[in-house]
1. Scan segment 1-58 residue by residue and report those that are in contact (Cβ under 8 Å) with a residue 12 or more places away in the chain and charged (D, E, K, R).
2. Identify, from the list 41, 32, 20, 13, the residue that is part of a loop (DSSP other than H, G, I, E, B) and charged (D, E, K, R).
3. Given (1) at pLDDT below 95; (2) within 9 Å of the chain's Cα centre (by Cα); (3) β-branched (Val, Ile, Thr), identify the lone condition not met by residue 2.
4. If a residue must be surrounded by fewer than 11 Cβ atoms within 10 Å (Cβ to Cβ) and either in contact with a helix residue (DSSP H, G or I) (Cβ under 6 Å, 6 or more places away or on another chain) or in a strand (DSSP E or B) (or both), how many such residues does segment 1-10 contain?
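The values are calculated or read from the model by the stated rules, or taken from the named source; none is laboratory data. The structure presented is a predicted model; accordingly, all values stated were derived computationally and were not measured. Cβ: placed from backbone, ideal geometry, glycine included. Neighbour counts: every protein chain shown.
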Amino acid sequence: MILSFPHFGICARDLEASTRFYVNGLGFEKMRSGQAEDVGRLLSLPGAVAQTQFVKHPSGGTIEL
């Protein structure tokens with residue numbers, strides 16, 4: 001039985017604009033950012049790298065953009 005999950009991911013075409021929307025528009029706080037280098041293997045796109053930005057809402061929800 002799953003009782004909770006740490007975060008969920010949303011694919012964003014424009015990471016900076018999406019981050020601004022969640023932070024400025026919805027009150028989320030920026031957390032860590034980085035690169036997901038294993039995404040190519042997961043999507044069958046050899047060599048693909050994804051830029052990531054985690055945002056957290058004060059009430060506890062976390063999203064990986």
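1. Within segment 1-58, 29, 30, 32, 37, 56 qualify.
2. Values: 41 fails: part of a loop (DSSP other than H, G, I, E, B); 32 fails: part of a loop (DSSP other than H, G, I, E, B); 20 fails: part of a loop (DSSP other than H, G, I, E, B).
Residue meeting the stated conditions: 13.
3. Only one criterion in (1) at pLDDT below 95; (2) within 9 Å of the chain's Cα centre (by Cα); (3) β-branched (Val, Ile, Thr) is unmet by residue 2, namely (2).
4. 1
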